[in-house]
Amino acid sequence: MVLPSKVVSSKHTPRSPTYLIPCVLALSLFSLTALLLYKVDDVVSRTGTVVGHNLEPTPWHVFPHKPFDEETRQQRAYRILQCSYLTCRYAAADGGEERLKFPGGGGECPDFFVSIRRDLEPWMESRITKGHVAGAQRLAAFRVVIVDGKMFVDWYYACVQSRAMFTLWGLLQLLRRYPGMVPDVDMMFDCMDKPTVNRIEYQGMPVPLFRYCTTKEHFDIPFPDWSFWGWSEINIRPWNEEFPDIKRGSQAVSWKNKIPRAYWKGNPDVSSPIRTELLTCNHSRKWGAQIMRQDWDEAARGDFKQSRLSDQCTHRYKIYAEGYAWSVSLKYILSCDSVALLIAPQYEDFFSRGLIPEQNYWLVDPLKLCPSIKYAVEWGNQHLEEAEAIGKRGQDFMGSLTMDRIYEYMFHLISEYSKLQDFKPTPPPTSLEVCTESLLCYADEKQRTFLRKSTTFPAQTPPCTIKPT
């Protein structure tokens, strides 16, 4: 009898297909990459930049929004990551340098520096609290916080053209000019022309807001405007190049051989009643004035070669007329040795508080505009030496406003402001560090040229001393 053979059962462990593990790894890697790209895209889409990425124009002065059509989405993302998040981390540290030591004193500041105390007077008793700074945010385009010599910026709105870039460059140059000396500070900035902190509306709680001008009816704190470091869009070079060139141009023709008329060239279509009325004064024989429209589109097509400031000092008298608000043109008009005819300016920038009528400019009555211009021209043509002296003193005043003086003014303004703060400034969590390299990273070729030309170096003497009041 044949017994059935014993069946030996064996358990086999099922094996995974050889392709499964690589597929899982690939899927995981793909998921992580997708998640990372999503996070990067989310961060990039919420990052405001000095050139206006992800920022709306200021609602109180709307201007065309920059579309960034020249960039693909990937290029834009790479640029923002590189310039805003990586550049300052890998750049050589500009902050934390040793405080400068000077062998002697810096002398006395010009008289108009005492205006700093007047500008900050509203906070002398109350001090500047976090509440004051927060209250200014709704009127600001960006916030600047300087801590230990490093600058951080929190963006709220875009600024027109390259104003923000050149303003921040000026602050970075201040840190470079006085390493280890600029105090920690928390400042709100607006980059448009018209003051907004009205003294009546904000008399209960004035908010500190820096901008390029102010009036006697506003609390806005005037700060040197961006064009001192250059205005690349219209080929105006940094002040340390532009002023000497204007002065040389003014000497091409002797004062007595200049055209014996008052001259103005600008844009009247800026909601300015004064500029509109000024057009009616365009009659050389009747009013002694030559009034010209500036066609910026045509000038741009010619690369502004016909708008060189050094070629515009050919008249004995030059008119300054405010536009929508304050205008940067004041310093360039005064820089010619022509008699500057100022039509009762309402707005003040930081240096104009040092001007004195009939000493370095001539005041024109806006209520009798054309007759007032005619009187100034006739008086000057009958008193050539006195008129020439007024024009020369105006030019000398602007010549004394060197970049050294401008940095001194910035230093004193920020120092006095910081003394009034009753809190320790700290960068907001939404702010990012801005350094020399990150601004150059965002700048186009022309802007980069202007910025580098306005680079400063550590001061050799201490800041001047403000006269006691």
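Would it be correct to say that Ser327 is assigned to a loop (DSSP other than H, G, I, E, B), free of Cβ contacts under 8 Å to residues at least 60 places away in the same chain and among the small types (Gly, Ala, Ser)?
So Ser327 fails the test.
Out of segment 105-119, which residues are surrounded by fewer than 18 Cβ atoms within 10 Å (Cβ to Cβ) and among the aliphatic types (A, V, I, L, M)?
Val114 - this is the single residue of segment 105-119 that is surrounded by fewer than 18 Cβ atoms within 10 Å (Cβ to Cβ) and among the aliphatic types (A, V, I, L, M).
Which of the following residues is assigned by the TED database to the domain that holds Pro371, among the small types (Gly, Ala, Ser), at pLDDT 95 or above and in contact with a strand residue (DSSP E or B) (Cβ under 7 Å, 6 or more places away or on another chain): Gly288, Gly249?
Numbers: Gly249 fails: in contact with a strand residue (DSSP E or B) (Cβ under 7 Å, 6 or more places away or on another chain).
Going through Gly288, Gly249 in turn, the sole match is Gly288.
Can you tell me which of His132, His65 is within 20 Å of the chain's Cα centre (by Cα), more than 26 Å from Pro458 (Cα to Cα) and not β-branched (Val, Ile, Thr)? Before you say what the answer is, go through the steps one by one.
Values: His132 fails: within 20 Å of the chain's Cα centre (by Cα).
His65 is the lone residue from the list that is within 20 Å of the chain's Cα centre (by Cα), more than 26 Å from Pro458 (Cα to Cα) and not β-branched (Val, Ile, Thr).
Suppose we filter segment 310-329 for residues that are modelled with pLDDT of 95 or more, crowded, with 24+ Cβ neighbours inside 10 Å and either within 25 Å of the chain's Cα centre (by Cα) or outside the structural domain of Leu369 (by the TED database) (or both); how many remain?
2
Residues in segment 338-354 that are in a loop (DSSP other than H, G, I, E, B) and among the aliphatic types (A, V, I, L, M): how many?
Residues flagged as in a loop (DSSP other than H, G, I, E, B) and among the aliphatic types (A, V, I, L, M) within segment 338-354 amount to 1.
All but one of (1) under 30 Å from Ser310 (Cα atoms); (2) surrounded by fewer than 18 Cβ atoms within 10 Å (Cβ to Cβ); (3) more than 14 Å from the chain's Cα centre (by Cα) hold for Glu233; state the number of the condition that does not hold.
(3)
Mind listing whichever residues of segment 340-369 are open to solvent by less than 20 Å² (accessible area, probe 1.4 Å) and over 24 Å from Phe228 (Cβ atoms)?
Scanning segment 340-369 gives Val364, Leu369.
Could you list, in sequence order, the residues of segment 68-86 that are under 22 Å from the mean Cα position of the chain (by Cα) and either open to solvent by 30 Å² or more (accessible area, probe 1.4 Å) or modelled with pLDDT of 90 or more (or both)?
Ile80, Cys83, Ser84
Those residues that are free of Cβ contacts under 8 Å to residues at least 60 places away in the same chain and either over 16 Å from Met410 (Cα atoms) or part of a loop (DSSP other than H, G, I, E, B) (or both), I need them from segment 185-202; list them, please.
The answer is Asn198, Arg199, Ile200, Glu201, Tyr202.
Return the pair list, or none, for Cβ contacts closer than 7 Å from residues in segment 359-375 that are in the same structural domain as Ile343 (by the TED database) and within 12 Å of Ala321 (Cα to Cα) to residues that are open to solvent by 60 Å² or more (accessible area, probe 1.4 Å) and part of a helix (DSSP H, G or I), at least 6 apart or on different chains.
If the second residue must be open to solvent by 60 Å² or more (accessible area, probe 1.4 Å) and part of a helix (DSSP H, G or I), the pairs left are Leu369/Glu277.
Considering only helices (runs of 4 or more DSSP H) fully contained in segment 234-288, which possess at least 2 residues that are in contact with a Pro (Cβ under 9 Å, 6 or more places away or on another chain)?
Output list reads 273-278.
The values are calculated or read from the model by the stated rules, or taken from the named source; none is laboratory data. Everything numeric in this text was worked out from a predicted model, so none of it was measured. Positions of Cβ are backbone-derived with ideal geometry, glycine not excepted, and every protein chain shown enters the neighbour counts. Accessible surface areas use protein heavy atoms only, side chains included; no ligands, DNA or RNA. Shrake-Rupley method; radii C 1.70, N 1.55, O 1.52, S 1.80 Å.
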